[in-house]
Amino acid sequence: QVQLVESGGGLVQAGGSLRLSCAASGRTFRSYAMGWFRQAPGKERELVGCISWNGGATYYPDSVKGRFTISRDNAKNTVYLQMNSLKPEDTAVYYCAAADKFSDSSRDFLYWGQGTQVTVSS
């Protein structure tokens, strides 16, 4: 129903910033809550931000709160993750995902992108 493609990853120095984009195809994008997840080798996949279908509600875990901002532009079928003050521990593959409802549970996210690598050097 919806296909997601992440972009914007790369190598950045600690303290720097990066903005990830997730482009969605399909006519039902605005109906989905969206989330960003990350997974480092040997670690569990973790939510780093989610946003309701209309952008009225957001959630961030303490590990990124104040540094990361999730936003969406439904007219452009795109969701963003602005990452500031990056730390080496932010290094991971970052995925965007779509859910039928606003949720912080990975079980509720039905569609996933292919991921984009973010590497933060010390």
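The values are calculated or read from the model by the stated rules, or taken from the named source; none is laboratory data. From a predicted model like this one, the values you see are computed outputs, not experimental measurements. No Cβ is skipped: glycine too gets one built from the backbone with ideal geometry, and neighbour counts run over all protein chains shown. Heads up: the accessible areas ignore ligands, DNA and RNA and are worked out on the full protein's heavy atoms, side chains in. Shrake-Rupley method; radii C 1.70, N 1.55, O 1.52, S 1.80 Å.
Observations on the model:
- Electrostatic bookkeeping for LEU110 treats Lys and Arg as +1 and Asp and Glu as -1; over the other residues with beta carbon under 13 Å from its beta carbon, the sum is 0.
- Exposed loop sites were defined as trypsin sites (Lys or Arg not before Pro) in DSSP loop states (anything but H, G, I, E or B) carrying at most 16 other C-beta atoms within 10 Å; in the chain the longest segment without such a site runs 68-100.
- Portion, in percent, of the accessible area of the chain that falls on carbon or sulfur, probe 1.4 Å: 46
- Per residue accessible area of the chain, 1.4 Å probe, in Å²: 52
- Spin-label pair THR58/SER17, simplified geometry with 7 Å Cα→Cβ offset, distance in nm: 1.3
- Mean separation of Cα contacts under 8 Å (6+ apart) over length of the stretch 43-122, as relative contact order %: 25
- Listed values for the stretch 34-49 are Karplus-derived 3J(HN,Hα) couplings in whole Hz (6.51 cos²θ - 1.76 cosθ + 1.60, θ = phi - 60°), namely 10, x, 10, 10, 9, 9, 9, x, x, 10, 6, 5, 10, 6, 10, x, and x replaces Gly and Pro.
- Ordering of 46-56, 1-11 by packing is 46-56, 1-11, highest average first (other Cβ atoms within 10 Å, averaged per residue).
- With pairing defined as another cysteine C-beta under 4.7 Å, the cysteines of the chain that fail it are CYS50.
- Surface calculation, 1.4 Å probe, protein heavy atoms: TYR111 sits at approximately 70 Å² accessible.
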